[in-house]
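The values are calculated or read from the model by the stated rules, or taken from the named source; none is laboratory data. These numbers come from a predicted model, not from an experiment. Cβ placement follows ideal geometry from the backbone for every residue including glycine, while neighbour counts extend to all protein chains displayed.
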Amino acid sequence: MLKTAPTRGIDRVLLDEETLRQRIKELGARISADYAGKPLLLVGILRGSIMFMGELMKSIAVDCAIDFMSLSSYAGDSTTGNVRVLLDLRGSCEGRDVLVVEDIIDTGLTLDHLLALLRTRQPRSLEVCSLLDKPSCRKVDVTAKYVGFPIADDFVVGFGLDYNERYRNLPYVGVLKRP
Ligand code: 5GP
């Protein structure tokens with residue numbers, strides 16, 4: 001029997017709460033070891049990363065600050081990767097060890113654009129931690145150093161991820177029912 005019963009509109013639970021919690025703990029331990037002695041700036045990408053960010057922070061043992069950015073999805077031609085910054089960082093990332101916290105990498109266009117932008121601000125280091133990754137959907141060569149779960153090409157919601165602003169509050173990641 002499933003530990004978590006799927007909500008209406010959800011085809012199946014892909015990652016239940018316990019699985020997410022365990023894996024995020026492991027990511028936090030790896031990040032803590034890699035950044036030992038280095039203050040870290042976590043940059044959460046709104047809005048999909050909020051639950052992941054909250055859970056991940058609890059497992060990071062090094063001194064860390066948080067900041068957020070919000071990016072518009074590319075409109076129209078998805079191959080151009082035309083991404084706009086809707087909300088920018090409050091602070092500077094110059095000379096700092098920056099870890100971008102993402103919900104999911106799909107084509108990689110959003111992340112590619114974001115990393116190019118952040119590089120111009122001269123961080124000391126710049127890496128990515130993404131809860132989910134769909135490697136089969138990539139249109140540009142971008143990778144995250146830390147990945148929670150590689151997944152197949154399904155549209156997933158929950159644990160911060162939405163469909164038309166719904167489902168973000170689900171405590172698990174589920175596959176949306178196809179219409
Ligand atoms: P990319 O630029 O890598 O194609 O897309 C990244 C963004 O698209 C993610 O941050 C997320 O907002 C959205 N996205 C991509 N795949 C999914 C998915 O399966 N479910 C949801 N809810 N959003 C997705």
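The single condition among (1) touching a Lys or Arg at 6+ places or on another chain (Cβ under 9 Å); (2) surrounded by fewer than 15 Cβ atoms within 10 Å (Cβ to Cβ) that residue 61 does not meet is (1). Listed by first and then second residue, the pairs with beta-carbon distance under 6 Å, at least 6 apart or on different chains, first residue in the stretch 96-111 and polar (S, T, N, Q), second more than 6 Å from the ligand (Cβ to nearest atom), are 107/137; 107/139; 110/71; 110/83.
Each row is one residue, and each column tells you yes or no for (1) without any contact (Cβ under 8 Å) to a residue 12 or more places away in the chain; (2) under 16 Å from residue 173 (Cβ atoms).
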| position | (1), (2) |
| --- | --- |
| 115 | no, no |
| 119 | yes, no |
| 131 | no, yes |
| 138 | no, no |
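You will find that of 83, 62, the residue that is in contact with a His (Cβ under 7 Å, 6 or more places away or on another chain), at negative phi and part of a loop (DSSP other than H, G, I, E, B) is 83 and no other. Here 110, 143 are screened, and the one residue that is of a type in the set (Val, Ile, Thr) and either closer than 30 Å to residue 179 by Cβ or more than 16 Å from the ligand (Cβ to nearest atom) (or both) is 110. For the stretch 153-165, state whether one or more residues are in contact with a helix residue (DSSP H, G or I) (Cβ under 8 Å, 6 or more places away or on another chain) and either near the ligand (Cβ under 9 Å from one of its atoms) or polar (S, T, N, Q) (or both). Yes.
For residue 18, the criteria (1) surrounded by 15 or more Cβ atoms within 10 Å (Cβ to Cβ); (2) part of a helix (DSSP H, G or I) hold in every case but one, which is (1).
Going through the stretch 126-161 one residue at a time, which ones are under 13 Å from the mean Cα position of the chain (by Cα) and not in a strand (DSSP E or B)? Within the stretch 126-161, 134, 143, 144, 145, 159, 160 qualify. Only residues that are away from the ligand (no atom under 16 Å from the Cβ) and either touching a residue at least 12 places away in the same chain (Cβ under 8 Å) or among the charged types (D, E, K, R) (or both): list them for the stretch 47-64, please. Result: 55, 57, 58, 59, 60, 61, 62, 63, 64.
Just one of the listed residues (37, 54, 95, 48) is assigned to a loop (DSSP other than H, G, I, E, B), at pLDDT 95 or above, surrounded by 13 or more Cβ atoms within 10 Å (Cβ to Cβ) and out of contact with any helix residue (DSSP H, G or I) (no Cβ under 7 Å at 6 or more places or on another chain), and it is 48. The lone criterion from (1) buried (at least 16 other Cβ atoms within 10 Å of the Cβ); (2) near the ligand (Cβ under 10 Å from one of its atoms); (3) in a loop (DSSP other than H, G, I, E, B) left unmet by residue 123 is number (2). Is it the case, given these coordinates, that residue 67 is modelled with pLDDT under 95, away from the ligand (no atom under 12 Å from the Cβ) and either in a loop (DSSP other than H, G, I, E, B) or not aromatic (Phe, Trp, Tyr) (or both)? Taking the combined requirement at face value, the residue does not satisfy it.
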